[in-house]
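Peer 1: Just dropping this structure here.
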Amino acid sequence: LAPDDGKLDSDGHGTQVAGIVLGVAPDARIVSLDIFRNQSGEEFAYDSDIIGAIDWVIANRAAYNIVAINLSLEGDFRYTSPCFSDVYATPIANARAAGILTAAASGNEADKSGIASPACVPAAISVGAVYSADFGTENWSICTDKVSYADRVVCFSNSASFLTLLAPGAEITAAGLTESGTSQAVPHVAGAIAVLRAARPGESLDFTVGRLTSTGVPILDVNGTATPRIDLLGAYNAGVRLTGRVS
């Protein structure tokens, strides 16, 4: 956790991400942990602060009935295969062993062969972004989509053969703010996990992930990889027998 700077956090990225979670899972409760520091107007987070927050969540899981961690953040590098030795591999695996699933952003660099850390770690649920509707031509800082429509993968969304899920991440309005990114896709998945774990707390975590991956709508990206876009109603209603990728 970042040191307390004695200031209220800005009403921005984190507020909107929390709003998306609550839009998907209205009865959920949010535990908000500040991992960012501010120096000369620039915000950044140390790995140690993020890992400290994950450890806090594990230690306080029972007290707050925590079932999901939302990591709408990314490191500077992308990985073309699962990053078993990444600094986040053990903390996120520990969270999973404690009964907590971690959803993390694939990143926004338009890399279609690799995803960012911590999404790349094997125990994480990595999430890329699709459009939520038709917004016409979209000019992003790193790429341009000449057309956009619901379920089209956004050009900036990092992808890889081992990407777990897709979710709406472009032109998302929540908590009075409209933002776009894989950061906005992740809380759709975290909220979905909260719904599924509340409905069926006795199921294994692998089964919960299997519900999402097996019932999701396959969406083809420009790299030829088809990744399931979450269908929460389908996942909720799925029978006992499931097939598909289990993260």
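Peer 1: For Thr90, what accessible surface area do you get with a 1.4 Å probe? Give it in Å², rounded to 10.
Peer 2: 90 Å²
Peer 1: For Ser85 and Tyr236 in one chain, what is 0.36 nm times their gap in residues minus the Cα-Cα distance, to one decimal in nm?
Peer 2: Numbers: separation 151, 0.36 × 151 = 54.36 nm, distance 3.36 nm.
51.0 nm is the gain from fully extending Ser85 to Tyr236.
Peer 1: When DSSP assigns beta bridges and you keep just the ones with both residues in segment 124-201, what percent turn out antiparallel, to the nearest 5? Each step should come with its number before you reach the end.
Peer 2: Values: 6 of 11 bridges.
Approximately 55 percent, going by the DSSP bridge assignments.
Peer 1: Moving to a separate point now. Give me the 1.4 Å probe accessible area per residue for the chain, excluding ligands and nucleic acids, in Å².
Peer 2: Numbers: 11610 Å² over 247 residues.
Computed with neighbouring chains in place, this is 47 Å² per residue.
Peer 1: Still on this model: Compute, for Leu101, the solvent-accessible surface of its heavy atoms (probe 1.4 Å) with the complete set of protein chains present, and express it in square angstrom to the nearest 10.
Peer 2: The value for Leu101 is about 0 Å².
Peer 1: Just to check, using Stokes-Einstein with a Kirkwood Rh over alpha carbon pairs, what's the diffusion coefficient of the chain at 10 °C and 1.306 mPa s in µm²/s?
Peer 2: Values: Rh = 18.0 Å.
Once the numbers are plugged in, D ends up at 88 µm²/s.
Peer 1: List the chymotrypsin sites (Phe, Trp or Tyr not before Pro) within segment 142-247 that DSSP assigns to loop and that have no more than 16 neighbouring Cβ atoms inside 10 Å.
Peer 2: Passing sites in segment 142-247 are Tyr149.
Peer 1: Counting pairs of alpha carbon atoms under 8 Å apart in space and at least six apart in sequence, what relative contact order in percent does the chain give? Walk me through the numbers before you get to the answer.
Peer 2: On the way: 543 pairs, mean separation 46.4, N = 247.
After rounding, I find 19 percent.
Peer 1: Percent of accessible area on segment 118-247 owned by carbon and sulfur, 1.4 Å probe?
Peer 2: Of all accessible area on segment 118-247, carbon and sulfur atoms account for 54 percent.
Peer 1: Determine how many Å³ per residue the convex hull of the Cα atoms of segment 70-174 encloses. Intermediate values should be presented prior to the final figure.
Peer 2: Values: hull volume 10.2 nm³, N = 105.
Dividing the Cα hull volume of segment 70-174 by its residue count gives 97 Å³.
Peer 1: Express in Å², to the nearest 10, the accessible area of Leu177 obtained by rolling a 1.4 Å probe over the protein heavy atoms while all chains stay in place.
Peer 2: Answer for Leu177: close to 40 Å² accessible.
Peer 1: Less than 11 Å Cβ to Cβ from Phe135, Lys/Arg counted +1 and Asp/Glu -1: what total charge do the surrounding residues give?
Peer 2: On the way: positive: Arg152; negative: Asp134, Glu138, Asp145, Glu171.
So the surrounding residues net to -3.
Peer 1: Could you tell me, in Å, what Rg and Dmax come out for the Cα atoms of segment 53-109?
Peer 2: Radius of gyration, then largest Cα-Cα span, for segment 53-109: 12.3, 38 Å.
Peer 1: Right, something else. So for the pair Asp34, Tyr46, with labels modelled 7 Å out along Cα→Cβ, what separation do we get in nm?
Peer 2: So the label points at Asp34 and Tyr46 sit 1.6 nm apart.
Peer 1: At a threshold of 8 angstrom on Cα-Cα distance, excluding pairs fewer than six apart, so keeping six or more, what relative contact order does segment 133-247 reach in percent?
Peer 2: Working: 161 pairs, mean separation 25.4, N = 115.
Relative contact order, segment 133-247: 22 percent.
Peer 1: Continuing with the same structure: As a test of the formula, what do you get for the chain when each DSSP H run with n ≥ 4 contributes -39,500 (n - 2.57) and the sum is divided by the residue count, at 222 nm and rounded to the nearest 500 deg cm²/dmol? Don't jump to the answer; show the numbers that get you there.
Peer 2: Numbers: 7 runs with 73 residues, N = 247.
Counting only the DSSP helices, I get -9000 deg cm²/dmol.
Peer 1: Can you say what percent of the DSSP beta bridges in segment 116-247, counting only those with both residues inside, are antiparallel? Round to 5.
Peer 2: 60 percent
Peer 1: Shifting gears a bit: Which percentage, to the nearest 5, of the DSSP beta bridges contained in the chain is antiparallel? It would help to have the intermediate numbers written out before the result.
Peer 2: Numbers: 15 of 28 bridges.
Percentage antiparallel, nearest 5: 55.
Peer 1: Do any chymotrypsin sites (Phe, Trp or Tyr not before Pro) in segment 16-102 lie in a DSSP loop with no more than 15 other beta carbon atoms within 10 Å, and if so, which?
Peer 2: Working: sites: Phe36, Phe44, Tyr46, Trp56, Tyr64, Phe77, Tyr79, Phe84, Tyr88; in loops: Phe36, Tyr46, Phe77, Phe84, Tyr88.
Those that pass, being in a loop and sparsely packed, are Tyr46, Phe77, Phe84.
Peer 1: Let me know the shape class of segment 152-247, please: from the alpha-carbon gyration tensor, a ≥ b ≥ c as square roots of the eigenvalues, rounded when a/c is under 1.5, otherwise prolate if a/b is greater than b/c, or oblate.
Peer 2: Values: a/c = 2.40, a/b = 1.29, b/c = 1.86.
Because a/c hits 1.5 or more and a/b fails to exceed b/c, segment 152-247 counts as oblate.
Peer 1: Of all the Cα-Cα pairs you can form in segment 115-199, what percent are over 19 Å apart?
Peer 2: Roughly 39 percent, once rounded to a whole number.
The values are calculated or read from the model by the stated rules, or taken from the named source; none is laboratory data. Please read all numbers here as calculations on a predicted model, not as lab measurements. Cβ coordinates were reconstructed from backbone atoms using ideal geometry, including for glycine residues, and neighbour counts include every protein chain displayed. The area values use the complete protein model at the heavy-atom level, side chains included, leaving out ligands, DNA and RNA. Shrake-Rupley method; radii C 1.70, N 1.55, O 1.52, S 1.80 Å.
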